[in-house]
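The structure under discussion appears below in the form of structure tokens.
The values are calculated or read from the model by the stated rules, or taken from the named source; none is laboratory data. From a predicted model like this one, the values you see are computed outputs, not experimental measurements. With ideal geometry, Cβ positions are generated from the backbone for all residues, glycine too; neighbour counts draw on all protein chains shown. In case anyone asks, the SASA skips ligands and DNA or RNA and just uses the protein heavy atoms, side chains included. Shrake-Rupley method; radii C 1.70, N 1.55, O 1.52, S 1.80 Å.
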Amino acid sequence: MPLAPTTAGYMPIACSTLRTGAPLPFDLYVRMEHQQTRNRGGDHFALYLSRDHELSARDIAEFDDRSAGCLYIQFDASIEYSGYLQRCAEAEGDQNPLLRYQTVREAAKAMMLDAARGGGVDQVVRISEDFSRELVKSAASGELPVRDLFGLMEHDYYTFTHVCNVSTYSLVLAKSLGISAPAELEQIVQGAMLHDLGKREIPAAVLNKRGRPTANEWRLIQRHPSDGLKELIYRPEFSWGQLMMVYQHHEKLNGRGYPAGVGSGEIHPWARICAIADVFDALTCYRPYRKPLSTAETLSYLERHAGTTFDPEFLLCWTSLFREDR
Ligand SMILES: [Fe+2]
Ligand SMILES: [Fe+2]
């Protein structure tokens, strides 16, 4: 399952998540960009700051010049990084919800990458539970305008980035539709985080293929909602709505979706939320075979499919979030 770009045992982290005044619990690396190292093949990394170094404001100011906003840690330090982020988020409290959001997301990414190295579904479920609780908490602590969130997100369609973006969009849309109970919002976020769980069964070569999938590959891809449901259905902690987010997020109102081809009356409202969030993210992300669409192009694509694929009222709510006070 491709989760995020990781090369040669190093994992990218956003410079904006690092803080002054506390010793680093991990070594920081930069990627070498010299033509010479590129010609030797593979990626090369150089130690930039050692563990226990206390970051100064000057260090932080220099990051952008050295690294274009991205530094690296060794894969084995992902748990230290996630603990560091959690401590930063707690220390900053409710000061800045956007920063808190970013911190929560990076912590979940680090843990998810760790889980991808051999952890099973149990570990993924546990991470999704923590992430949904923290995300709902950060959204409750202040305004999270969707346009600001959009600017803060990564748009690369790796599995982790995608499910994280879809969870965030699902939360924003659910809140705009009037859902306010934290427990319900947490369930929606967790359902969205797990919506593509069944893709674990699809070989990476098929998921990352540049051209159109063959008929056999397409059949394999279309199994992922049912495979995801099978993974979760015997777990009593999941509600019906969450299971339907996993099972029905590719269904269409006109009955031409998959896996069951059910019509509008049978698609759970949470699955309708997830469907909008899912396609919105897919179209606004870089893919191996095309550039991302702009938000305006994506919204008009979604609108062209209102009533046939997407719930028209939910979609109106979603588009209005981007068009408000413009
Ligand atoms: Fe999917
Ligand atoms: Fe998806």
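Overview of results
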quantity: Sole residue being without any contact (Cβ under 8 Å) to a residue 12 or more places away in the chain, outside any helix (DSSP H, G or I), within 16 Å of ligand 2 (Cβ to nearest atom) and out of contact with any strand residue (DSSP E or B) (no Cβ under 9 Å at 6 or more places or on another chain), chosen from Pro259, Pro213; calculated: Pro213
quantity: In region 217-255, the residues that are within 16 Å of Trp270 (Cα to Cα), open to solvent by 50 Å² or more (accessible area, probe 1.4 Å), part of a helix (DSSP H, G or I) and within 16 Å of ligand 2 (Cβ to nearest atom); calculated: Tyr247
quantity: Residues of region 178-216 satisfying the condition of being among the charged types (D, E, K, R) and either over 16 Å from the mean Cα position of the chain (by Cα) or under 15 Å from Ser239 (Cα atoms) (or both); calculated: Glu184, Glu186, Glu201, Lys209, Arg210, Arg212
quantity: Region 190-205 residues that are within 29 Å of Ala174 (Cα to Cα), paired with ones that are near ligand 2 (Cβ under 10 Å from one of its atoms) and assigned to a loop (DSSP other than H, G, I, E, B) (beta carbon under 7 Å, 6 or more apart); calculated: His195/His249
quantity: Any hit, region 293-305, residues being assigned to a loop (DSSP other than H, G, I, E, B), open to solvent by less than 60 Å² (accessible area, probe 1.4 Å) and within 14 Å of ligand 2 (Cβ to nearest atom); calculated: no
quantity: Search result, residues across region 187-207 that are open to solvent by 50 Å² or more (accessible area, probe 1.4 Å) and within 16 Å of ligand 2 (Cβ to nearest atom); calculated: Arg200, Glu201
quantity: Exclusive hit being within 16 Å of ligand 1 (Cβ to nearest atom) and farther than 22 Å from Cys164 by Cα, set Ile267, Ile273; calculated: Ile267
quantity: Flag if Pro5 is at pLDDT 75 or above and surrounded by fewer than 18 Cβ atoms within 10 Å (Cβ to Cβ); calculated: no
quantity: Asp311 vs. criteria within 16 Å of ligand 2 (Cβ to nearest atom) and not hydroxyl-bearing (Ser, Thr, Tyr); calculated: no
quantity: Residue match in region 177-186 (condition: modelled with pLDDT of 90 or more and open to solvent by less than 20 Å² (accessible area, probe 1.4 Å)); calculated: yes
quantity: First in region 237-256 and closer than 18 Å to Val163 by Cα, second anywhere and surrounded by fewer than 21 Cβ atoms within 10 Å (Cβ to Cβ) and of a type in the set (Phe, Trp, Tyr), Cβ under 7 Å, 6 or more apart; calculated: His250/Tyr258
